[in-house]
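J.: Please see the structure below; I have some questions.
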Amino acid sequence: MGSERSFGEVSGNTPMDSAEKRLNELGYKQELRREMTMFKTLAISFSTMTLFTGITPLYGSSLQYAGPATLVWGWIVVSFFTWFVGIAMAEICSSFPTTGSLYFWAAHLAGPKWGPFSSWCCAWLETIGLIAGIGTQAYAGSQTLQSIILLSTGTNKGGGYFAPKWLFLCMYIGLTVIWAALNTFALEVIALIDIVSIWWQVIGGLVIVIMLPLVALSTKSASFVFTHLELAPESTGISSTPYAAILSFLVSQYSLYGYDAAAHLTEETKGADKNGPIAILGSIGIISVFGWAYILALTFSIQDFGYLYDPNNETAGAFVPAQILYDAFHGRYHNSAGAIILLFVIWGSFFFGGLSITTSAARVVYALSRDKGVPFSHLWRQLHPKHKVPSNAVWLCAAICILLGLPILKVNVVFTAITSICTIGWVGGYAVPIFARLVMSEENFKPGPFYLGKARRPVCLVAFLWICYTCSVFLLPTLYPIAWDTFNYAPVALGVGLGLIMLWWLLDARKWFKGPVRNIDIQNGKV
């Protein structure tokens, strides 16, 4: 503290990283260790999106709404519009390579008048989405582990052990605690695990996509996969084809986000003004291709469409992808070993995804605490003295995630609610800086290496409208008739949570919260 250096050099006359120089210009000193390469950042971003974690848990319900055609083509439609969001965010990331990312972007792009409010809204949406995102990974990971245990002990028909709710909750809590513990170690540990993750998912994804249709005794026809529509009003209560198609898109909309993880690590990434955008767009490209291939492999390999949802089948009708895997391998080899191995590959994807989302959530809480936007900010902004990671923020996120999972003991629609809260918060946070970029005056924007130029308005407009649509559909009822055990609680939970946050703003926070707080004196270079 109190030492001086110019923006063009560091001690020893070593050239300053371009992203660190831009960070200084924005009013922040370099506190986190800048050791991440572009590949490591891409690995974490891809791991946050993950190949299996979005598709697998929602595949069965999305397939049931309207059949395979809307599910398969829905991925193409959602991928197309996701590119607009990713490109808009890549441009902003290139200009603002800070760990606060979205809420920092919102503050600067919205200008001095609206900046604090925009930053406040964005920060809390993002925080809610990320913490709920940890819960979605823990829940789906526990669901996969539940199926692995069931098939390993004899299947539902053979007296296998189906984990009860209390054990399911224990698995949920256990995963959350493990992720928090790993995130308290040095960043190199997380980066190494995430490099393993990207290869795990790429190799594992290729194995499943190639092997599953080959192992299955029969495969569905192309006409069934690409053109067949089949509603299930007796199960879903939905007889409207357009409404069923909208709900079948949810699996794609839930899967194709999380690419902002690269932005959360920009203060720890070398050349982040260039590598951050590459990681964002690269992760979208990889998941778009592999995700569609995974959906096709599952759908072509279906043996008996109606049997997938039978509560008396081998997987208790609880996890459709597990039943597809079981039917394929048991039909060919008369045992469950192959299905168990591939389910373990899928479970590993949930494990890596939850670890990465925990990393991102902690960075956002740390950045918001650094700007005094969280109660008891002085606690959550503290870094581990040895590893230089925001360990207190990590455990805060884990504790809230565990609280979100406690209703598992009594409520059957916990995953639906957590998924909706996660998606609306996470993707809704994208909308604030993108809208600010859309309406701001161009002369007030200092572009980075990745710059859209005149294309920014149409790109940002399409991206913003798509986000609004996505958030809206996750508030819709997913089962009819609406009752206590089928009601989508997300609108109530979000309404209460965001209402309290807005009330806090009106009564108190607007008086002192000014958005990102600089910790460097730009005039004379003092830090």
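Okay, residues lined up against (1) over 24 Å from residue 207 (Cβ atoms); (2) at pLDDT below 85; (3) over 26 Å from the mean Cα position of the chain (by Cα); (4) crowded, with 24+ Cβ neighbours inside 10 Å:
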{"site": "309", "(1), (2), (3), (4)": "yes, no, yes, no"}
{"site": "322", "(1), (2), (3), (4)": "no, no, no, yes"}
{"site": "331", "(1), (2), (3), (4)": "no, no, yes, no"}
{"site": "349", "(1), (2), (3), (4)": "no, no, no, yes"}
{"site": "355", "(1), (2), (3), (4)": "no, no, no, yes"}
{"site": "377", "(1), (2), (3), (4)": "yes, yes, no, no"}
{"site": "382", "(1), (2), (3), (4)": "yes, yes, no, no"}
{"site": "399", "(1), (2), (3), (4)": "yes, no, no, no"}
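J.: OK, next. Any residue in region 313-332 that is under 17 Å from residue 139 (Cα atoms) sitting within a Cβ distance under 6 Å of a residue that is small (Gly, Ala, Ser) and surrounded by fewer than 24 Cβ atoms within 10 Å (Cβ to Cβ)? List the pairs, counting only those 6 or more apart or interchain.
T.: From residues that are under 17 Å from residue 139 (Cα atoms), the pairs are 320/60.
J.: Pairs only if they're at least six apart or on different chains, beta carbon under 7 angstrom, first in region 141-162 and more than 18 Å from residue 308 (Cβ to Cβ) and free of Cβ contacts under 8 Å to residues at least 24 places away in the same chain, second open to solvent by 20 Å² or more (accessible area, probe 1.4 Å) and part of a helix (DSSP H, G or I); list them, first residue then second.
T.: 161/149
J.: Identify all residues within region 154-188 that are aromatic (Phe, Trp, Tyr) and assigned to a helix (DSSP H, G or I); write none if there are none.
T.: Residues satisfying the conditions are 166, 168, 172, 179.
J.: Still on this model: Of the conditions (1) under 25 Å from residue 228 (Cβ atoms); (2) among the small types (Gly, Ala, Ser); (3) out of contact with any Pro (no Cβ under 7 Å at 6 or more places or on another chain), residue 317 clears all except one; give me its number.
T.: Result: residue 317 passes all but (3).
J.: Let me ask something else. Are there any pairs, at least 6 apart or on different chains, whose C-beta atoms fall under 6 Å, with the first in region 192-205 and more than 17 Å from residue 354 (Cβ to Cβ) and in contact (Cβ under 8 Å) with a residue 60 or more places away in the chain and the second surrounded by 17 or more Cβ atoms within 10 Å (Cβ to Cβ) and hydrophobic (A, V, I, L, M, F, W, C), and if so, which?
T.: Every condition considered, the pairs that remain are 205/51; 205/290.
J.: Being outside any helix (DSSP H, G or I), open to solvent by 40 Å² or more (accessible area, probe 1.4 Å) and under 12 Å from residue 424 (Cβ atoms) is the filter here; which residues of region 471-510 pass it?
T.: 475, 476
J.: Looking at (1) over 23 Å from residue 149 (Cβ atoms); (2) part of a helix (DSSP H, G or I); (3) open to solvent by 20 Å² or more (accessible area, probe 1.4 Å); (4) in contact (Cβ under 8 Å) with a residue 12 or more places away in the chain, find the lone condition where residue 295 falls short.
T.: (3)
J.: Looking at region 335-347 only, could you name the residues that are open to solvent by 40 Å² or more (accessible area, probe 1.4 Å) and within 21 Å of the chain's Cα centre (by Cα)?
T.: Passing the criteria: 344, 347.
The values are calculated or read from the model by the stated rules, or taken from the named source; none is laboratory data. A quick note: this is a predicted structure, and the numbers were derived from the prediction, not measured. Note that each Cβ is placed from the backbone with ideal geometry, even for glycine, and that neighbours are counted across all protein chains shown. SASA here: full protein model, heavy atoms, side chains in, ligands and nucleic acids out. Shrake-Rupley method; radii C 1.70, N 1.55, O 1.52, S 1.80 Å.
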